[in-house]
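The values are calculated or read from the model by the stated rules, or taken from the named source; none is laboratory data. Quick caveat, the model's predicted, so the values are computed rather than measured. Note that we place each Cβ from the backbone using ideal geometry, even for glycine, and neighbour counts take in every protein chain shown. For accessibility, only protein heavy atoms count, side chains too; no ligands or nucleic acids. Shrake-Rupley method; radii C 1.70, N 1.55, O 1.52, S 1.80 Å.
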Amino acid sequence: MSFIKRLKQNLDRPRQERPFGSGWLSGSGALLAGITGCLLLLVMHYPGIFQTPDLAEFITESHLRLVLQVVLLLGYAFALTSLLLSRDKILGWTALFLVIFASLIGPPDDGSTYTAPLYFGLDFFILNALFVGFLFIPLERYFPNYEDQTVFRPEWQEDMFYYLVSSLLVQVLTFITLLPSNLITTYVDLGPVQSWIFNLPFLVQLGLIMLASDLVQYWVHRVFHMVPALWRFHAIHHSAKSMDWMSGARMHFVEIAILRSMTAIPMFTLGFDPAAIQGYVLIVYFYSSFIHSNIGWNLTRAEPWVVTPRFHHWHHGAEPEAIDINYAIHFPVLDKIFGTHHMPEDRWPERYGVAGEQVPRGFIKQFLHPFTKKTLPPEDPDQTPAE
């Protein structure tokens, strides 16, 4: 068996074959630390290519060095723990090699001045995955809705790759997102409206951004369900058969471009304070992970007012009653107004995925899927339970 296949087999080891104390959890954590350390070094050695300029204003080189030291120390500790506990030591040895390699390379003595016309937000991916992951993984572990679902559930590598791609292409996506808004502000004079909105209190502006963006997103989202050609793109997002903080990242590039550019129009044309816009963007990043997460909190009192994980999980359900419902991302009242609200009392969907058809596995195949005419046969519902 090749090294890659053996490593993948160990990462995908069934839950019953990786009990606490088997060294699997520490080995997987060490491997993630080793990979993170190597990626951080890429950012530090080639900031002109892999560092996001806006993020670099807040996350300096000294911050990256501190994060690197912490990650490598954790990597050493986890790798040694895994080697002591595990009978199959491939995770531990692979992680230890990566951690040692990163330690020997080390950060640069002098910052690189090499720049490129197109940068890739590798630092954005690392910090986003680290902070959001460290927040939601413990919450999903201790307050799970589906208790048998593990941190490294089936298809987790696929969703993490989506996380990576959308982060690396942050410059391209930002340009596409702002393009319609820039065209509108160029040809339409919204001065009086912009001045009035800009002078509103911060919290009022934040609430208006959320409401306006959600209203636009509701209808864009609904159109993706109604138009067959657009549904083939959106089906990629619905193809996840398990729901957790990573599953929301599974989106086709075309859908991301359309959805973000349309929902950004009210945010960037109506004159909102940049501070309110930044606050909304921060909320969206965490909120998207929250509503997709495997957190089974009882939020009955909040459910009439804001979108909760149970509300959005029903949108992803594969049962007949879950088809074409719950399009709102922030305020479920929009679904009530437009007749698409569905919240069975004290129930969650029994399974997830695309009902009636099969979406291929793998990023490349899923990217090409909307452009092909071939329709895969539906999967057996009995074989696609919530993991």
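Structure above, values below:
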| item | result |
| --- | --- |
| For the chain, accessible area per residue (1.4 Å probe, heavy atoms of protein chains only), Å² | 52 |
| Amide H contacts of Trp245 (H built 1.01 Å from N, under 5 Å, at least 5 apart or other chain) | Asn294 |
| Net +/- balance of residues flanking Leu215 in space, Cβ distance below 15 Å, scoring K and R +1, D and E -1 | 0 |
| Alpha-carbon centroid distance for the pair region 125-167 / region 248-289, whole angstrom | 21 |
| Whole-number percent relative contact order across region 31-75, with pairs defined as alpha carbons under 8 Å at least 6 apart | 65 |
| Computed over the chain: relative contact order in percent, which uses C-alpha pairs under 8 Å that are six or more apart | 16 |
| Net charge, Tyr327 excluded, C-beta distance under 13 Å - Lys, Arg +1, Asp, Glu -1 | -1 |
| Inverse mean reciprocal Cα-Cα distance (Kirkwood Rh) of the chain, Å | 22.7 |
| Under-29-angstrom lysine pairs by C-alpha in the chain, whenever the two are 8 or more apart or on separate chains | 12 |
| Separation of the Ala77 and Phe134 label points, Cα + 7 Å toward Cβ, nm | 1.2 |
| Area of Leu118 that stays accessible when all protein chains are in place (1.4 Å probe, Å², to 10) | 70 |
